[in-house]
Amino acid sequence: MRKQNSEFKTAFTSEAGRDLKNTDYFGFVELDDFACYVMADGIDDQTDAVSARLAVAAAVSAFSEAPSMKKRTMQACLAAANRALLEAKSKNKLKASILIVLTNYVKFRYGQAGNIRLRLCRDGFTRLRSLDQSLTADLVREEKVEPDKVAVHEERNNLFAYLGKEKEFYPFVSKKFKLLSGDVIALYTRGIWENIDEGELKDAFEEASEEPRELVDNVEDLLLSRQPEALGKYTFAALFINKVFTDPNKKRRIRRIIMITIPILLMLAVLTTILVIRYRKREEKRVQMELGYTDTIEYVQADNYVRALERCQEASELAKELKNARMQKELGNYQKLIEAVLSAQEQLEAEKYGEAQKLYQEASNRSAYVDHAGLDYINDRLALTASYITVYDLISLGDTLAQNLQYDKAEEKYLEAKAIAGKIYFDAGRTMAMEALEKLYEDQKAEKEAEEEERKALLAQQESGANYTAQGDAAFAQGDYESAKVYYTSARQVYQEMVDDIQCRAAEEKLASAEKKISEQDTKKQEAEDFVKQAEAASDAQDFVTAKTCYLVAKDIYASLKMEDEVEGLTRKMEVLDIKAGLAE
């Protein structure tokens, strides 16, 4: 996530110069949360020319096994590089300088052994420079050598820390430094700093754009333009931090810490007097949390996502207070699902069907984390959204065909769009399709007057079928499934007369849905009656809690069926039941 939400660009150059072999080496690895950049400079191994490569490979491998930017990780990388050179089978003893940079895309630290240099430039100014681990660097610190004389001082390569030391290997590990967007980090070997002074490098940094390759090429051009007689191997790498990672959860973590710390401090102050009260409140919250969790599931199953979100958020707050990690995870998954559905619904209502489709697909993926809850509704919405898009696509295709005078094919697309719009009760789309058809017919009126009456009749039939379908949809939405069945039957008859198989099948599907709902209502009515019988039996047995529970379940079923008389009757029965329960106490 950090790498995806940051922008680190790297470029480098590494050449042998007039040496027989290039014994410098640079390598890096950028993982999701951490990155490692390593540069090594082989010392006195012109024959083998493997020390730098072995050191870089060992450091990168050690980092990749346990990526982080902790101090011990840096020490492990340096130790691995040193061990690789000590254990290498070579006729010559291998030695090298090394510099490693570790970052989490927010901060960085570096470690070094030798005289490879690092520079951090910010806003055109040098904010950080590494110090060589050499005798010359010590003399500079003691003010015995001027800083601008280091590049030609005879002890500049007399190192007290380098790879290949068997004893007293003490590399330097820096503290962490914060990165800002626009920072530039450069790593370069002695082939660069021996031939280009610090002032010229500073000028090159100030002229850098947002592309590291330009800086690398400018430095190399500057080096080669000097045409130094003894120019050996050289390596220069530039890391451009165009964007650092910003943690989106920082404020939330602080807020959670505050929410947890304050109650703990308060409870410690009054612990002796509130233990019993705290326990009772905790139990009450736990019950409310579980009730909220159950309500969330039920509202999702009932496709009431607004209410589901309210109950889910309430339960989530209680889960946080109770520190119930399992419930927080469950509720968190439900909340993500609900928010995705609600966001998709907003886009759908705003007629942004492409965005709505993406969000419904995201919701479908989220459903897998909550036992596929709400998947049927989401799939219905996906199908509906796809139909909306199809309507617009068909109208657009029809427009193109009409412009190319392919009237029959254009009419086919408009009619198909109109049919789909009618099927999904999409008034705006149906109106657009009809308007497009009307315009199409006006354009070809001169050549199709003979077909006008037939077209009007067809439109009338289609309108009749669409109206029956729309009336059926309206009745279905209001729960009047018997009326919906009548309307859908009429629509099917119209479409059968029209020999419109698509609309006929659509009407048959809607008719089947209405019949299914009627059957479900009958089942629910019978279920409610069974609960009423159970309640009456429990009441006779003076089990008033069970009786009231059964009455409540039956009442909810009647309410969902909009059977007001039965709801009112059960309300009166529960009032009588409460009186009985009171007398029994």
Which pairs do you get when a residue that is on the phi > 0 side of the Ramachandran plot, found in segment 467-487, comes within reach of a residue that is of a type in the set (D, E, K, R) and surrounded by fewer than 19 Cβ atoms within 10 Å (Cβ to Cβ), reach meaning Cβ atoms under 6 angstrom, with the pair 6+ apart or on two chains? GLY479/LYS562
Sort through ARG109, ARG127, ARG122 and tell me the only one that's buried (at least 19 other Cβ atoms within 10 Å of the Cβ) and among the charged types (D, E, K, R). ARG109
Can you pull out the residues in segment 213-262 that are under 23 Å from TYR105 (Cβ atoms), among the charged types (D, E, K, R) and open to solvent by less than 60 Å² (accessible area, probe 1.4 Å)? ASP247
Residue in segment 309-339 that is surrounded by the most Cβ atoms within 10 Å (Cβ to Cβ), counting only those that are of a type in the set (Asp, Glu) and within 20 Å of LYS281 (Cβ to Cβ): GLU314
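Taking the options LEU99, LEU94, LEU86, name whichever one is touching a strand residue (DSSP E or B) at 6+ places or on another chain (Cβ under 8 Å) and over 22 Å from PHE34 (Cα atoms).
Numbers: LEU99 fails: over 22 Å from PHE34 (Cα atoms); LEU86 fails: touching a strand residue (DSSP E or B) at 6+ places or on another chain (Cβ under 8 Å).
Result of the check over LEU99, LEU94, LEU86: LEU94.
Please find, within segment 21-35, the residue that is surrounded by the fewest Cβ atoms within 10 Å (Cβ to Cβ) out of those that are within 24 Å of the chain's Cα centre (by Cα) and more than 12 Å from PHE63 (Cα to Cα).
Residues of segment 21-35 within 24 Å of the chain's Cα centre (by Cα): 29-35.
Adding the requirement that they be more than 12 Å from PHE63 (Cα to Cα) leaves 32-33.
Details: ASP32: 11, ASP33: 13.
Checking each candidate, the answer is ASP32.
When you look at ALA547, is it closer than 29 Å to THR431 by Cβ and part of a helix (DSSP H, G or I), yes or no?
Details: closer than 29 Å to THR431 by Cβ: no; part of a helix (DSSP H, G or I): yes.
Criteria not met by ALA547.
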Taking interchain pairs and intrachain pairs at least six residues apart, which have beta carbon atoms under 8 angstrom, with the first residue in segment 333-345 and touching a residue at least 12 places away in the same chain (Cβ under 8 Å) and the second among the aromatic types (Phe, Trp, Tyr) and buried (at least 24 other Cβ atoms within 10 Å of the Cβ)? ALA340/TYR360; VAL341/TYR360; ALA344/TYR360
When ASP303 is run through (1) in a helix (DSSP H, G or I); (2) in contact with a Gly (Cβ under 8 Å, 6 or more places away or on another chain), the failure sits at (1)
Result of the Cβ filter at 7 Å on segment 192-212, keeping first residues that are farther than 13 Å from ARG129 by Cβ and partners that are buried (at least 20 other Cβ atoms within 10 Å of the Cβ) and of a type in the set (Gly, Ala, Ser), at least 6 apart or interchain, is PRO212/ALA238
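To keep it simple, each residue is scored yes or no on (1) open to solvent by less than 60 Å² (accessible area, probe 1.4 Å); (2) within 16 Å of ASP371 (Cβ to Cβ); (3) in a helix (DSSP H, G or I); (4) small (Gly, Ala, Ser).
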{"site": "LYS285", "(1), (2), (3), (4)": "no, no, yes, no"}
{"site": "GLN288", "(1), (2), (3), (4)": "no, no, yes, no"}
{"site": "GLN345", "(1), (2), (3), (4)": "yes, no, yes, no"}
{"site": "GLU351", "(1), (2), (3), (4)": "no, no, no, no"}
Out of all the residues in segment 400-410, which are free of Cβ contacts under 8 Å to residues at least 40 places away in the same chain and buried (at least 20 other Cβ atoms within 10 Å of the Cβ)? ALA410
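Can you confirm whether ASP123 is farther than 28 Å from GLN75 by Cβ, in contact with a Gly (Cβ under 8 Å, 6 or more places away or on another chain) and of a type in the set (D, E, K, R)?
Values: farther than 28 Å from GLN75 by Cβ: yes; in contact with a Gly (Cβ under 8 Å, 6 or more places away or on another chain): yes; of a type in the set (D, E, K, R): yes.
Yes: the conditions hold for ASP123.
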In segment 450-473, is there at least one residue being open to solvent by less than 80 Å² (accessible area, probe 1.4 Å), under 30 Å from ILE557 (Cβ atoms) and not in a helix (DSSP H, G or I)? no
Could you list, in sequence order, all residues of segment 139-189 that are surrounded by 17 or more Cβ atoms within 10 Å (Cβ to Cβ) and more than 25 Å from PHE26 (Cα to Cα)? LEU139, VAL140, VAL145, HIS153
When you look at LEU397, is it surrounded by fewer than 18 Cβ atoms within 10 Å (Cβ to Cβ), in a helix (DSSP H, G or I) and not small (Gly, Ala, Ser), yes or no? yes
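The values are calculated or read from the model by the stated rules, or taken from the named source; none is laboratory data. A quick note: this is a predicted structure, and the numbers were derived from the prediction, not measured. When we count neighbours, we look across all protein chains shown, and the Cβ atoms used for this are built from the backbone with ideal geometry, even at glycine. Side chains included, ligands, DNA and RNA excluded: accessible areas come from the protein's heavy atoms. Shrake-Rupley method; radii C 1.70, N 1.55, O 1.52, S 1.80 Å.
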